[in-house]
Amino acid sequence: DVVKSTAKLGAATAAGATAAFLAADGATEEYRIAMGKLNTAYDAVGMSMDDARYAYEEFYAVLGDTDTATEASQLLSKVARNGEDIAYWTHIAAGVAGAFGDALPVEGLIEAANETARTGTVTGVLADALNWSAKEGETFGVTMRANTKANEDWNKAVAEAESAEDYFNLALQNCATEAQRNDLIMNTLMDTYDETADAF
């Protein structure tokens, strides 16, 4: 039908219109496949298709690539608990992308944040996200404890910490649950990348 309706514009124009139509149809199919994956991931954790779509659209706006936005959104389903968390993480993604581009992949950051929340130790590119943007002397609220024998190793670790990653690992030790570690990671990255995200 596209070809017939544009025949009067000439063969070259008709061919161009057909190619554009087929490309749009391919993009739509790619989007449907992405939404199918995300619906599965978000449904498995008790979140809605609207949450999945919102995550995808926000990541796509930042990353500009269907596959990467889908992967980041899938990984986010393991970290986010609600729409507010999705908003925080997509804002963080804008800040990270604006600051470092492909040198610090957003999907890798989300995966590392999930692993760090589970294990209590900084892993993967989360270390880069912390170290590359840390302010001088950044301690993430880590302070010396009362100088008792029980706290001697802790105080030594705080005194010997040299990088943002070191301090953050100590801060993670102060968290009693995975949920608390998840909140610490998300809130720290929000504070770190908020201005960059706004600029981006």
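The values are calculated or read from the model by the stated rules, or taken from the named source; none is laboratory data. Everything numeric here is computed off the predicted structure, so don't read it as measured data. Positions of Cβ are backbone-derived with ideal geometry, glycine not excepted, and every protein chain shown enters the neighbour counts. Side chains are part of the model used for accessible areas, which takes the heavy atoms of the whole protein and leaves out ligands, DNA and RNA. Shrake-Rupley method; radii C 1.70, N 1.55, O 1.52, S 1.80 Å.
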What are the residues whose amide H is under 5 Å from the amide H of A161, where those residues sit 5 or more places off or on another chain and H is modelled from the backbone? none
Toy charge model, Lys and Arg Cβ at +1, Asp and Glu Cβ at -1: the chain dipole around Cα centroid in debye, rounded to 20, equals 380
Per-residue ³J(HN,Hα) for the stretch 76-87, Karplus 6.51 cos²θ - 1.76 cosθ + 1.60, θ = phi - 60°, Hz, x for Gly and Pro: 5, 4, 7, 10, 6, 10, 6, x, 5, 4, 4, 4
Return the calculated 222 nm mean residue ellipticity for the chain, to the nearest 500 deg cm²/dmol, obtained by summing -39500 (n - 2.57) across DSSP H runs with n ≥ 4 and dividing by the residue count. -23500 deg cm²/dmol
Taking M186, M49 and ranking on accessible area (1.4 Å, protein atoms only), highest first, one gets M49, M186
Where in the stretch 101-200 are there GluC sites (Glu not before Pro) that are in a DSSP coil and have at most 13 other Cβ atoms within 10 angstrom of their Cβ? E136, E162
Explain nothing, just compute: Karplus ³J(HN,Hα) = 6.51 cos²θ - 1.76 cosθ + 1.60, θ = phi - 60°, for every residue of the stretch 149-154 in order, whole Hz, x for Gly and Pro. 4, 4, 9, 4, 5, 4
Pseudo-spin-label distance Q180 to E84, built 7 Å along Cα→Cβ, given in nm, is 1.9
Find the accessible area per residue for the chain; the probe is 1.4 Å, ligands and nucleic acids are left out, and the unit is Å². 54
Net length gained if the chain between T40 and E115 were fully extended (0.36 nm per residue, minus Cα distance): 24.9 nm
Using modelled backbone amide H atoms (1.01 Å from N, in-plane), which distant-in-sequence or interchain residues come within less than 5 Å of T121's amide H? none
Label model pair I33, S48: point-to-point distance (7 angstrom along the Cα→beta-carbon line) in nm is 2.8
For the stretch 164-169, Karplus couplings with θ = phi - 60° (6.51, -1.76, 1.60), whole Hz, Gly/Pro x: 4, 4, 4, 5, 5, 4
